[in-house]
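Notes to accompany the following structure.
The values are calculated or read from the model by the stated rules, or taken from the named source; none is laboratory data. These numbers come from a predicted model, not from an experiment. For neighbour counting, all protein chains shown are included, and Cβ atoms are generated from backbone atoms with ideal geometry for every residue, glycine included.
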Protein chains: 2
Amino acid sequence: MSAERVEVREKVLSANDQIAAEVRDQLAGHRVFTINLISSPGSGKTMLLERTVDLLKGSLRLGVVAGDVQTRNDAERLERHGIPVRAIETGGGCHLNARQVSESLASLDLAQTDLLFIENVGNLVCPSSFDLGESLKVVLMSVTEGEDKPLKYPAAFRRASVLVLTKVDLVPHLEFSTETAIDNALSVNPDLRVFATSSYTGEGLELWTEWLSEEVSACKRDS
Amino acid sequence: MSAERVEVREKVLSANDQIAAEVRDQLAGHRVFTINLISSPGSGKTMLLERTVDLLKGSLRLGVVAGDVQTRNDAERLERHGIPVRAIETGGGCHLNARQVSESLASLDLAQTDLLFIENVGNLVCPSSFDLGESLKVVLMSVTEGEDKPLKYPAAFRRASVLVLTKVDLVPHLEFSTETAIDNALSVNPDLRVFATSSYTGEGLELWTEWLSEEVSACKRDS
């Protein structure tokens with residue numbers, strides 16, 4: 001990468017960090033626990049959110065900001081579950097940035113939100129470099145992607161606090177060791193909390209939503 | 001995106017295009033048919049290449065340039081199949097560029113190569129913008145990723161000449177319509193040639209390798 005390009009990249013990241021800090025302050029002011037979901041395309045971010053929303057919407061006030069390169073498909077799927085959703089179409093952009101999130105928040109009632117999900121663009125590389133002002137990052141990985149992904153794409157796993165392994169109902173049909181995959185993830189980031197889930201059968205979703213509820217409570221207490 | 005950032009991006013793309021044109025000339029000079037494989041992480045690029053190499057190495061002289069964000073895992077898997085492999089570790093970079101490919105070619109014997117595979121970084125967004133001097137792009141999509149991916153990540157499907165649908169052995173365990181997925185891909189790019197494959201069962205690999213062999217023959221005739 002040329003010196004000029006590195007310099008521009010640093011300026012862009014630094015401008016992004018400044019807006020992300022403002023977003024973080026804004027969310028903290030309203031005690032909104034916010035997670036930034038990162039994964040490859042097709043790892044099951046939207047389906048996990050659909051199931052999670054159904055399990056939690058009776059007890060928590062939820063919101064979603066859904067990013068996509070093109071189409072509003074994900075946002076439309078989530079809107080059907082009766083919660084406020086804002087779509088961001090990046091028009092080719094490979095990750096969300098803090099400005100896009102900040103603009104989306106302007107039309108959400110944060111005073112009436114306990115838990116906000118930001119569904120990033122499907123990409124296991126670029127989104128992990130951009131702070132969006134979230135409370136923490138959650139990386140998803142489908143069992144169909146193979147056990148080695150944490151080693152090959154370490155930044156997303158290193159910067160996340162939580163790994164949600166998805167589609168575990170397919171394990172019997174694959175040559176895939178859940179234990180090896182989790183070992184690989186922990187070798188990159190020993191502090192990762194891991195949930196093994198299937199949005200299809202519901203396996204693991206109770207533990208995942210209990211954890212989310214506890215984090216929301218802690219966020220209310222700490223703020 | 002700021003005007004300054006757009007300008008730098010254009011400069012980078014134009015510098016890349018110039019090197020890509022040189023790579024293309026070099027490959028044409030040796031009549032090497034070259035494909036650039038693009039997909040999400042975990043779509044099965046490496047496993048498709050392993051099977052393809054085993055089926056073709058008796059009749060064609062093969063080579064691979066294997067890109068990864070981190071690790072040389074893919075290159076090492078392919079080397080076991082007894083063909084020349086060059087690894088490119090991008091160290092966080094989200095796509096291969098023409099300079100990296102050009103440098104890798106310096107140590108490959110192109111005069112002794114009929115068919116060269118370039119396995120791009122696992123990313124369905126960024127790699128599609130960077131010409132590597134290939135004969136054509138092949139986009140892979142696993143059936144586990146869902147039918148809507150061509151609509152949500154259209155650039156990769158628009159710029160590819162071929163779609164290889166992978167892991168079709170898993171369809172009976174999924175809510176996935178192969179027909180809808182292919183219709184979506186063709187709606188983005190009506191000229192796409194489509195192969196439905198399973199590297200696990202071998203389904204579809206004969207048609208895929210026959211097509212590759214025909215393209216290699218055409219490349220020899222036309223050059």
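Name the one entry in B:G133, B:G146, B:G92, B:G63 that is over 22 Å from B:C219 (Cα atoms), of a type outside the set (A, V, I, L, M, F, W, C) and surrounded by 18 or more Cβ atoms within 10 Å (Cβ to Cβ). Working first, answer last.
Details: B:G133 fails: over 22 Å from B:C219 (Cα atoms); B:G92 fails: surrounded by 18 or more Cβ atoms within 10 Å (Cβ to Cβ); B:G63 fails: over 22 Å from B:C219 (Cα atoms).
Of B:G133, B:G146, B:G92, B:G63, the one residue that is over 22 Å from B:C219 (Cα atoms), of a type outside the set (A, V, I, L, M, F, W, C) and surrounded by 18 or more Cβ atoms within 10 Å (Cβ to Cβ) is B:G146.
Which one of B:A87, B:A98, B:A106 is without any contact (Cβ under 8 Å) to a residue 24 or more places away in the chain, of a type outside the set (S, T, N, Q) and in contact with a helix residue (DSSP H, G or I) (Cβ under 6 Å, 6 or more places away or on another chain)? Can you show your working first?
Numbers: B:A98 fails: without any contact (Cβ under 8 Å) to a residue 24 or more places away in the chain; B:A106 fails: in contact with a helix residue (DSSP H, G or I) (Cβ under 6 Å, 6 or more places away or on another chain).
None of the others qualify; the one that does is B:A87.
Looking at A:V194, A:V216, A:V188 in this structure, which one is at pLDDT 95 or above, in contact with a Pro (Cβ under 6 Å, 6 or more places away or on another chain) and not hydroxyl-bearing (S, T, Y)?
Details: A:V194 fails: in contact with a Pro (Cβ under 6 Å, 6 or more places away or on another chain); A:V216 fails: in contact with a Pro (Cβ under 6 Å, 6 or more places away or on another chain).
Checking each option against the conditions leaves just A:V188.
Tell me the strands (runs of 3 or more DSSP E) entirely within segment A:105-219 that contain at least 3 residues that are within 14 Å of another protein chain (Cβ to nearest Cβ).
In segment A:105-219, the matching strands (runs of 3 or more DSSP E) lie at A:136-142.
When you scan segment A:46-69, how many residues do you find that are farther than 13 Å from A:L205 by Cα and within 14 Å of chain B (Cβ to nearest Cβ)?
The initial filter retains those residues of segment A:46-69 that are farther than 13 Å from A:L205 by Cα, namely A:46, A:57-69.
Subsequent filtering for residues that are within 14 Å of chain B (Cβ to nearest Cβ) retains A:46, A:66-69.
Here the count works out to 5.
Go through the residues of segment A:181-192 one by one and say whether even a single one is more than 30 Å from A:S14 (Cβ to Cβ) and in contact with a strand residue (DSSP E or B) (Cβ under 6 Å, 6 or more places away or on another chain). Before you say what the answer is, go through the steps one by one.
The first filter runs over segment A:181-192 and keeps only residues more than 30 Å from A:S14 (Cβ to Cβ), leaving A:181-184, A:186-187.
Checking the rest, the ones that are also in contact with a strand residue (DSSP E or B) (Cβ under 6 Å, 6 or more places away or on another chain) come to A:182.
Looking through segment A:181-192, at least one residue is more than 30 Å from A:S14 (Cβ to Cβ) and in contact with a strand residue (DSSP E or B) (Cβ under 6 Å, 6 or more places away or on another chain).
From A:R99, A:R86, which residue is within 14 Å of another protein chain (Cβ to nearest Cβ) and either among the basic types (K, R) or touching a Ser or Thr at 6+ places or on another chain (Cβ under 6 Å) (or both)?
Numbers: A:R86 fails: within 14 Å of another protein chain (Cβ to nearest Cβ).
Step by step, each of A:R99, A:R86 is checked, and only A:R99 is within 14 Å of another protein chain (Cβ to nearest Cβ) and either among the basic types (K, R) or touching a Ser or Thr at 6+ places or on another chain (Cβ under 6 Å) (or both).
Considering segment A:15-56 alone, what residues qualify as being farther than 25 Å from A:S217 by Cβ, crowded, with 20+ Cβ neighbours inside 10 Å and small (G, A, S)?
Residues satisfying the conditions are A:S39, A:S40, A:G42, A:S43, A:G44.
Would you call A:V6 of a type in the set (A, V, I, L, M) and within 11 Å of chain B (Cβ to nearest Cβ)? Full working, then the answer.
Numbers: of a type in the set (A, V, I, L, M): yes; within 11 Å of chain B (Cβ to nearest Cβ): yes.
In short, yes.
Kindly evaluate B:T34 against the criterion of being modelled with pLDDT under 95 and among the polar types (S, T, N, Q).
On the way: modelled with pLDDT under 95: no; among the polar types (S, T, N, Q): yes.
In short, no.
Quick check on segment B:66-77: of everything there that is surrounded by 23 or more Cβ atoms within 10 Å (Cβ to Cβ) and touching a Leu at 6+ places or on another chain (Cβ under 7 Å), which residue is nearest to B:I35 (Cα to Cα)?
Of segment B:66-77, the ones surrounded by 23 or more Cβ atoms within 10 Å (Cβ to Cβ) are B:66-69, B:74.
Filter once more, keeping what is touching a Leu at 6+ places or on another chain (Cβ under 7 Å): B:66-67.
Numbers: B:A66: 12, B:G67: 13 Å.
Among those residues, the one meeting the criterion is B:A66.
Within segment A:104-116, identify whether any single residue is aliphatic (A, V, I, L, M), under 30 Å from A:K152 (Cα atoms) and buried (at least 23 other Cβ atoms within 10 Å of the Cβ), and answer yes or no.
Step one: of segment A:104-116, the residues aliphatic (A, V, I, L, M) are A:105-106, A:108, A:110-111, A:115-116.
Among the residues that remain, those that are also under 30 Å from A:K152 (Cα atoms) are: A:116.
Next, from what is left, pick out any that are buried (at least 23 other Cβ atoms within 10 Å of the Cβ): A:116.
Scanning segment A:104-116 turns up at least one residue that is aliphatic (A, V, I, L, M), under 30 Å from A:K152 (Cα atoms) and buried (at least 23 other Cβ atoms within 10 Å of the Cβ).
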